[in-house]
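Here's the structure, in structure tokens; my notes come after.
Every read-out reported here was derived from the displayed coordinates using simple, explicitly stated rules and does not represent laboratory data. Computed from a prediction, not measured in an experiment: that's the story for all the values here. Backbone-built Cβ (ideal geometry, glycine too); neighbour counts: all protein chains shown.
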Amino acid sequence: MATLSSWTSRLLDLLLPRLCGGCRRELAHDRPDPLCGECLRRLRPAAAPLRRCGNLPVWGVYVYEPPLSELIHAFKYDGRQGIGGTLGAWMAGFMPLLGLETMDAVVPVPLHPARLQERGFNQSAILASAVAASAGVPMLDLLERHRRTKPQWRLGRQERADNVRGAFRPALRAGAGDARGLRLTLVDDVCTTGGTLVECAEALRSAGAASVQGFVLALD
Ligand SMILES: [Zn+2]
């Protein structure tokens, strides 16, 4: 859904000098990446890309640390929506390596409608659409966040679990799609305790999904 703020953010992406999302140095105009060469080389692939969060397997590409953590912050909170395409392409690029290509559909972790209105875009949906395109499957908005939650990064471990408990449910709106019998890949930007992904997976299983795995850009 394109909102006024997402259009404004795209316009700003085009007009402002492009700064490296890691070190804020100015980037060459023809540089496709949102990081300078030096920061790009500092990205560290996760040594153990598979994490178990309860009964949910979660795959992650990179370690959540600077400059990637700064880049993700710029993407989500500074409205630099254009960064999302690159981050999604990085995730897609790792899929063959992780053996992550067998799935029926990709599901983004949803934002609460009020948060979506504020931000203008769902960062997880931008990543998920790149993952879905790479796997040759549809992206389905099968979930909704029906309770507003606090940002997880502000909370301690136990508070995080409480914060998101029961916050997600199968999407009720017409045309949302049907999870029954599908092998689903849930996509989010960062996995810390896995609380959000575990709650989302629970909602998808309750809607009849055959299997659920998580896939994130960064493991914290
Ligand atoms: Zn840099």
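At a Förster distance of 22 Å, what's the computed FRET efficiency of A133 paired with T8, Cβ-Cβ distance as r, to 0.05? Plugging the Cβ-Cβ distance into 1/(1 + (r/R0)^6) gives 0.30.
Stretch H146-R44 to full length: gain in nm at 0.36 nm per residue minus the Cα-Cα span? Spell out each step's value before the answer.
Working: separation 102, 0.36 × 102 = 36.72 nm, distance 3.49 nm.
Taking H146 through R44 to full extension adds about 33.2 nm, to one decimal.
So if we plug the beta-carbon distance of A174 and T102 into 1/(1 + (r/R0)^6) with R0 = 35 Å, what FRET efficiency do we get, rounded to 0.05?
Numbers: r = 30 Å, r/R0 = 0.85.
Calculated value: 0.75.
Sorted on the mean count of surrounding Cβ atoms within 10 Å across their residues, most packed first, peptides 192-201, 54-63 read 192-201, 54-63.
Which whole number of Å³ per residue matches the convex hull of the alpha-carbon atoms in region 43-219?
Working: hull volume 19.4 nm³, N = 177.
With only Cα atoms used, region 43-219 gives 110 Å³ per residue.
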